[in-house]
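The values are calculated or read from the model by the stated rules, or taken from the named source; none is laboratory data. Note that this is a predicted model, so its numbers are computed, not measured. Cβ placement follows ideal geometry from the backbone for every residue including glycine, while neighbour counts extend to all protein chains displayed.
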Amino acid sequence: MESSTIELLRGAGKQGILLAELAQQMDQTEKSILKIIESLSQNGKVKKIEEKHDGKSVIRIIWQEDSEWDTLQGCPCFICPDIDQCGAGQPTSPWGCDKLNNWIKERLD
């Protein structure tokens with residue numbers, strides 16, 4: 001059931017899906033789906049947001065995009081000729097580095 005939940009959450013996109021809608025689509029109770037969501041939330045796979053919908057408090061579940069943040073492959077810092085002078089208070093810094101900022105933006109898209 002967890003793999004079906006993940007598939008539906010991924011399909012919901014960046015706007016996510018209401019818990020009630022997810023339970024209905026899976027023909028399960030909200031309580032049973034919430035157990036799966038809690039597990040996924042603890043592992044950082046989903047974000048739960050409480051919001052108002054038609055005047056009632058509801059829970060929206062958003063799949064945290066699969067990303068490759070577990071690797072730094074392609075990070076421009078590793079081949080940067082200025083790495084020795086890079087840092088806070090240095091002539092070059094990560095905060096103002098266009099190459100690093102562009103690399104991060106690409107990974108977030």
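Of everything in the stretch 19-43, what is of a type in the set (Val, Ile, Thr) and either surrounded by 13 or more Cβ atoms within 10 Å (Cβ to Cβ) or in contact with a Pro (Cβ under 8 Å, 6 or more places away or on another chain) (or both)? Give them in sequence order. Break it down stepwise before answering.
Of the stretch 19-43, the ones of a type in the set (Val, Ile, Thr) are 29, 33, 36-37.
Passing the criteria: 33, 36, 37.
Working only within the stretch 30-67, note down all residues that are within 26 Å of residue 106 (Cβ to Cβ), out of contact with any Leu (no Cβ under 9 Å at 6 or more places or on another chain) and among the charged types (D, E, K, R).
Selection gives 47, 66.
Please go through the stretch 53-85 and give me each residue that is at pLDDT below 90 and assigned to a strand (DSSP E or B), ordered by number.
Matches in the stretch 53-85: 53 only.
Looking only at the stretch 1-42, count how many residues are out of contact with any Gly (no Cβ under 9 Å at 6 or more places or on another chain) and either assigned to a loop (DSSP other than H, G, I, E, B) or of a type in the set (Val, Ile, Thr) (or both).
10
Say we look at the stretch 7-18 and pick out the residues that are buried (at least 16 other Cβ atoms within 10 Å of the Cβ) and touching a residue at least 24 places away in the same chain (Cβ under 8 Å); which of these is farthest from the chain's Cα centre (by Cα)?
Pass one, the stretch 7-18, residues buried (at least 16 other Cβ atoms within 10 Å of the Cβ): 8-9, 12, 16-18.
So of that shortlist, the ones also touching a residue at least 24 places away in the same chain (Cβ under 8 Å) come out as 9, 12, 16-18.
Values: 9: 12, 12: 13, 16: 11, 17: 14, 18: 17 Å.
Filtering the stretch 7-18 for residues that are buried (at least 16 other Cβ atoms within 10 Å of the Cβ) and touching a residue at least 24 places away in the same chain (Cβ under 8 Å), the one farthest from the chain's Cα centre (by Cα) comes out as 18.
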